[in-house]
1. Within segment 329-357, track down each residue that is among the aliphatic types (A, V, I, L, M), assigned to a helix (DSSP H, G or I) and more than 18 Å from Met298 (Cβ to Cβ).
2. Filter segment 358-403 for residues that are open to solvent by 20 Å² or more (accessible area, probe 1.4 Å), of a type in the set (Phe, Trp, Tyr) and in a helix (DSSP H, G or I); which is farthest from Leu151 (Cα to Cα)?
3. So is Leu232 within 20 Å of the chain's Cα centre (by Cα), part of a helix (DSSP H, G or I) and at pLDDT 85 or above or not?
4. Among Val109, Val80, Val132, which is the only one that is of a type in the set (A, V, I, L, M), in contact (Cβ under 8 Å) with a residue 60 or more places away in the chain and more than 20 Å from Ala332 (Cβ to Cβ)?
5. Would you check which residues across segment 292-337 are touching a residue at least 12 places away in the same chain (Cβ under 8 Å) and on the phi > 0 side of the Ramachandran plot and list them?
6. State all residues of segment 39-62 that are at pLDDT 50 or above and open to solvent by less than 50 Å² (accessible area, probe 1.4 Å); if no residue qualifies, say none.
7. Would you confirm, using the coordinates I've provided, whether Val167 is of a type in the set (Val, Ile, Thr) and open to solvent by 20 Å² or more (accessible area, probe 1.4 Å)?
Amino acid sequence: MDDFALDDSVLDDFAMDDFALDISAMGIFRTLEDTVTAPVNTPRIRRTWRARGGLAPWGRRWPAWAPLAAQVWGVLYAAVLVGWAATGTAVPIRPDTCQPVALQLAQAVLALLAAGVCAATTRGLARAGRIVAGTSLVLLVPAFGWGAISLPIHFVTLLSGSGVESVTGLVHVLLSTCGVGLLWMVAVSYRRRLRGRCARCGQAHDGQGDGPLTHPAASTASARTRATAFVLACGLLPWSVVKTVWMFGGDAISVSGEVWQRDVESEATGASRALAEVGVDVTVLAALLGIFLLVGLMYRWGQVFPRWTLFLSGRRVPRLLPLIPAWLTGGALAAYGTVLLVYAPLGALGVMDRIEPSGVFTTSAGMTWMVAFGGLSFGGLGGALLVAARSYATRGRPVCASEVIG
């Protein structure tokens, strides 16, 4: 069990939260100018990651291969988008809207730019070059992050057995998600190196930084974190209650339960239809899975497998196992929910286009309320996951074993 705990590849030693707070311009320049302690002419990163006696396992060397992987991703992403643009392949933004060719080409250019920036981070740069590289990474991560916003929707669709609505749309989301992850890894390791710290664990120590890791004991999130996360998660209640009322044939916000069951649930397929027959909406079930993830992020059993996991009981949970879905799903839901929460009142007041009834909705007021409830649920759950993930990443951050000196 000790071997498992100390040699769990890249899933254990990448702290995704280390770069998250340096978003403002002041933070960027302070990080890249005032805190640089490494020499300017630092040898290429791949030359500094050889372990004594041979190469370390690839997972331990993620700061070395992440820039190269990001470069490969950038070229591949650009090639795919240019190919789609040249052949007129539709890439949906929404169910009834596709990306224009100009947008696809712009994304391809950004992907090539990202590849160039990642290549530059492996070389010794002057101060101006470090500022440009760091600022570019800060801007490129959210630039590609918008493409991953619909990832939870694809997940729910696949989970319900409804199939894939758009293959190109799913491929675009997966490529964007992969790119965001790789760019984040490059940004984290680059920031640590500029601060003169180990690019892998973020601490100052001697040695190569590719040995075993020491993990802190499992712990529970602070009371403030738990309270904040649970309050945000309460945003799910109005939306879940309305969906449940419809599932059992009741009427709410100008929608008849009978019409909902006839026009919406009757068209469901696979697991979604099976759940509807017992009065469970698949999106409510997906929300419950989100709550399960949220609770795991805040309590000890999310760091060490509990007894009910049978043969895994007592083993340490790889850090990125809950963090990857939490960051991706939380970020996408929070962004989408914020848009809905802003749009609902502005549409009701006439500042923006009025929300017109569609589908089973018979009034604008009912449709507006449903948009607002959706914003509360998506934004609330997304924000709660981000808060809990931040705490989880901080509480479980490992360090290189027996080498920390400051």
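1. Ala332, Ala335, Val339, Leu340, Leu341, Val342, Ala344, Leu346, Ala348, Leu349
2. Per the stated criteria, the residue is Trp369.
3. In short, yes.
4. Result: Val80 is the single residue among Val109, Val80, Val132 that is of a type in the set (A, V, I, L, M), in contact (Cβ under 8 Å) with a residue 60 or more places away in the chain and more than 20 Å from Ala332 (Cβ to Cβ).
5. Gly314
6. Within segment 39-62, Ala56, Gly59, Arg60, Arg61, Trp62 qualify.
7. yes
Here's the yes/no breakdown for (1) at pLDDT 90 or above; (2) under 17 Å from Leu183 (Cβ atoms); (3) not in a helix (DSSP H, G or I); (4) not charged (D, E, K, R):
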residue: Ala64; (1), (2), (3), (4): no, yes, no, yes
residue: Gly74; (1), (2), (3), (4): yes, yes, no, yes
residue: Leu105; (1), (2), (3), (4): yes, no, no, yes
residue: Val109; (1), (2), (3), (4): yes, yes, no, yes
residue: Ala114; (1), (2), (3), (4): yes, yes, no, yes
residue: Val117; (1), (2), (3), (4): yes, yes, no, yes
residue: Gly124; (1), (2), (3), (4): no, no, yes, yes
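The values are calculated or read from the model by the stated rules, or taken from the named source; none is laboratory data. Since this is a predicted model, take the numbers as computed values, not measurements. As a convention, Cβ positions derive from the backbone with ideal geometry for all residues, glycine included, and neighbour counts pool all protein chains shown. Quick note on the areas: whole protein, heavy atoms, side chains included, nothing else; ligands and nucleic acids left out. Shrake-Rupley method; radii C 1.70, N 1.55, O 1.52, S 1.80 Å.
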